[in-house]
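Trainee: The structure is given below, and queries will be raised subsequently.
The values are calculated or read from the model by the stated rules, or taken from the named source; none is laboratory data. It should be emphasised that the depicted structure is a prediction, and the values quoted were computed from it without experimental measurement. FYI the Cβ positions are ideal-geometry reconstructions off the backbone, even for glycines, and counts take in every protein chain you see.
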Amino acid sequence: MCPLARPAPEFSLEISGTGYIGSVKFLTKQEQMVICLIFVLLLTGWWVKTWRTAHPPAAVPLAQKS
C-alpha cells in the first residue's frame, strides 16, 4: 500500500462528466432542524406576502380621515 493512499470514504459522490469524487458528510440532527426552520420561515413569509397582495386593506372613507 502506498504511504500517500487515503482510506476510502464511507460514502462518495461522483459528479458525472467531471471525474470529481468527494466524500459526503451527512448533516447532524441539529443542522437538519436549523435547515427545516429556515425553510418553514421562508415558506411562511412567502405565504403572508402572497396573501397580503391578494387581500389589500379596505380603503378608509374620507369622512373618517381627520
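Trainee: Being modelled with pLDDT of 85 or more, outside any loop (DSSP other than H, G, I, E, B) and loosely packed, with under 10 Cβ neighbours inside 10 Å is the filter here; which residues of segment 52-66 pass it?
Mentor: Scanning segment 52-66 gives Thr53, Ala54.
Trainee: Inspect segment 17-27 for any residue being at pLDDT 90 or above and under 17 Å from the mean Cα position of the chain (by Cα) and give the result as yes or no. Working first, answer last.
Mentor: Let us first name the residues in segment 17-27 that are at pLDDT 90 or above, namely none.
No, segment 17-27 contains no residue that is at pLDDT 90 or above and under 17 Å from the mean Cα position of the chain (by Cα).
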